[in-house]
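Visitor: This is the structure, below, for whatever I ask next.
The values are calculated or read from the model by the stated rules, or taken from the named source; none is laboratory data. As the structure is a prediction and not an experimental result, all values here were calculated from the model. With ideal geometry, Cβ positions are generated from the backbone for all residues, glycine too; neighbour counts draw on all protein chains shown. Note: areas computed on protein heavy atoms with side chains; ligands, DNA, RNA excluded. Shrake-Rupley method; radii C 1.70, N 1.55, O 1.52, S 1.80 Å.
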Amino acid sequence: MSAPYPQHPVGGFSILAISGSIGYTFAMKILGIETSCDETAASIVEDGETILSNVVASQADLHAQYGGVVPEVAARSHIEVMLPVVESALSEAKIEWDAIDGIAVTHGPGLLGSLLIGTLTARTLAELKHKPLYGINHLEGHVYANYLAADTKPQFPYLALIISGAHTQLVIFKAHHDYHLLGQTLDDAVGEAFDKVARILGLSPTQGGPAIAKAAINGNDRAFPFPKAKTDQKLDFSFSGLKTAVLRQAQELAGGGFRMPSFEVHKKLSQQQISDLAASFQRVAIETLVDHTIKAYEEYHPKSVVIGGGVAANQLLRDELAKRIPIPVHFTATNLCTDNAAMIAAVGYHYAVADKSISPARLRVEPTLSM
Ligand code: KG4
Ligand code: ZN
């Protein structure tokens, strides 16, 4: 899988046996940096597949007291831990700067202040250490997480379902760097809907997905027939109506009427009602994702289907997709579903192979970057 890389021949030189003969190749080590939201992360990945280190400093506890991510608090926290996190990534990988072949950094989409800290760090390090720099789309990272620690690789063309706290997208990849968007959410992202419903149900102020999945275990997923949204474009998504339907149902059960504040409702609900609401919501949200993925699969006939982003950790989604799609479905390893820098370094490797570096002076943050 390693490719000679004449443009930046500074990597760790290794000898590889290929088909019985001995060949020389570079093992290309990319430092990934990720700060698009509330995780400060750095990682070293070899040849786009082998993780040498993967350091993630989460700010979840910091933001929990505010009930969600506060952009200014996130940016300040990134500043405090960014360099120690990069240093830890190098020391855990047991390598020095001269073994690094390039720096890949998320430049969008994400929170402006957070992206600025990561990109400024990467630009400065690229200048100081004389390394090529690669500006990476965070969403592409969620797809390329599937090349990491994976027994089998996705085959082109593949269909990617990217489902996170900020995005819900279906994308067809014909080759590396050659993809187009098929559909996306018109309002809330699916992870955002999980997070908001978890807050309504009093389950978790942050990271609602795992909390909903846990509560749903004891619930009846047919207790409430929540509606599935219809969109003009069949591969687009909409989750805001589903979230509101859960709130209205919860308010009705709580007996407080539609004016009852959403943060009060859960106090009047029984554990069973909360579990039933969580299970019914989760069923409809996951069925929507699965139905859309199957529609895209039937239209585009991909060789593989790839699932990435925080919501890809959802077990019901994994079970349903594996059951209903008759070709290999690649699920990101659960520890790599949420934001990390290994996935950014994995994309960076392919940028390096294609020599798509950017001058540190030219790299800009793009908070609304799309696929
Ligand atoms: O990819 P990610 O770490 O951040 C963004 O790029 O947005 O995704 C975070 C999202 C959150 O909304 C979280 O609730 C959701 O992923 N999530 C889950 C699960 N684990 C995390 N959603 C559903 N089920 C899960 N098990
Ligand atoms: Zn993400």
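Visitor: What angle do you read, to the nearest 10 degrees and between 0 and 90, between the alpha-carbon axis of helix 342-353 and the longest principal axis of the chain?
Guide: So the helix axis and the longest Cα principal axis differ by about 40 degrees.
Visitor: Which pairs in the list 214/234; 29/131; 230/295; 153/303 are over 20 Å apart, alpha-carbon to alpha-carbon?
Guide: 214/234
Visitor: Looking at the chain, I'd like the Rg to Rh ratio, where Rg is from alpha-carbon atoms and Rh is Kirkwood's inverse mean 1/r.
Guide: Here Rg/Rh amounts to 1.00.
Visitor: Could you please state, rounded to a whole Å, how far the C-alpha centre of region 114-185 is from the C-alpha centre of region 283-323?
Guide: Comparing the Cα centres of region 114-185 and region 283-323, I get a distance of 19 Å.
Visitor: At q = 0.16, 0.17, 0.21 Å⁻¹, what is the log10 ratio I(q)/I(0) for region 33-120, with the Debye formula run over Cα points and no solvent?
Guide: The Debye formula, applied to the Cα set alone, gives -0.62, -0.68, -0.96.
Visitor: I would also like to ask the following. What net charge do the residues around residue 262 carry, taking every other residue with its C-beta under 9 Å from that of residue 262, with Lys and Arg at +1 and Asp and Glu at -1?
Guide: +1
Visitor: When the Cα centres of region 194-272 and region 65-105 are compared, how far apart do they sit, in Å?
Guide: With region 194-272 and region 65-105 each reduced to a Cα centre, they are spaced 35 Å.
Visitor: If you fit an axis through the alpha-carbon atoms of helix 240-254 and take the longest principal axis of the Cα set of the chain, what angle between them do you get, 0 to 90°, nearest 10?
Guide: 40 degrees
Visitor: Here is a follow-up. What share of the DSSP beta bridges in the chain is antiparallel, in percent to the nearest 5?
Guide: Roughly 65 percent of the beta bridges in the chain run antiparallel, per DSSP.
Visitor: May I pose another question? Where does each of 106-116, 200-210 land if you order them by average Cβ count within 10 Å, highest first?
Guide: Those peptides, ordered most packed to least, come out 106-116, 200-210.
Visitor: OK, next. Sorted by accessible area (1.4 Å probe), largest first, how do 259, 248, 76, 123 line up?
Guide: Ranked list, largest accessible area first: 259, 76, 248, 123.
Visitor: Sorted by average packing, counted as other Cβ atoms within 10 angstrom per residue and highest first, what order do 156-166, 269-279 take?
Guide: 156-166, 269-279
Visitor: If contacts are Cα pairs under 8 angstrom and at least 6 residues apart, what is the relative contact order of region 158-332 in percent?
Guide: 28 percent
Visitor: Shifting gears a bit: Would you work out the charge dipole size for region 65-197 about its Cα centre, treating the Cβ of every Lys and Arg as +1 and the Cβ of every Asp and Glu as -1, and quote it to the nearest 20 debye?
Guide: 180 debye
Visitor: Shifting gears a bit: On C-alpha positions alone, give me the angle between the axis of helix 112-129 and the longest principal axis of the chain, in degrees, nearest 10.
Guide: 10 degrees
Visitor: Divide by every residue of the chain the summed helix terms, -39500 (n - 2.57) for each DSSP H run of at least 4, and state the resulting mean residue ellipticity at 222 nm, rounded to the nearest 500 deg cm²/dmol.
Guide: Dividing the helical sum by the residues of the chain leaves -12500 deg cm²/dmol.
Visitor: Separate question: Charges only on Cβ, +1 for Lys and Arg, -1 for Asp and Glu: so what's the dipole of the chain about the Cα centre, in debye to the nearest 20?
Guide: In total the dipole reaches around 740 debye.
Visitor: Here is a follow-up. So what is the relative contact order for the chain, in percent, with contacts set as C-alpha pairs under 8 Å and at least six apart?
Guide: So the answer I get is 24 percent.
Visitor: Continuing with this model, one more query. Quote the relative contact order of region 230-283 in percent (integer), defining contacts as alpha-carbon pairs under 8 Å separated by 6+ residues.
Guide: So the answer I get is 27 percent.
Visitor: Farthest toward the dipole's positive end in the chain, which of 77, 107, 251, given Cβ charges of +1 (Lys, Arg) and -1 (Asp, Glu) about the Cα centre?
Guide: My answer, from the dipole projection, is 251.
Visitor: Would you please report the Å³ per residue occupied by the convex hull of the alpha carbon atoms in region 157-251?
Guide: 120 Å³
Visitor: In whole angstrom, how long is each semi-axis of the equivalent ellipsoid of region 257-346, when you take the square root of 5 times every eigenvalue of its Cα gyration tensor and sort them from largest down?
Guide: Semi-axis lengths for region 257-346 are 32, 18, 12 Å.
Visitor: Average the reciprocal distances over every distinct pair of alpha-carbons in region 158-332, invert the result, and give the Kirkwood radius in Å.
Guide: For region 158-332, the Kirkwood estimate is 16.4 Å.
Visitor: Related question: So in region 158-332, what percent of DSSP beta bridges are antiparallel if you round to the nearest 5?
Guide: The antiparallel fraction comes to roughly 55 percent.
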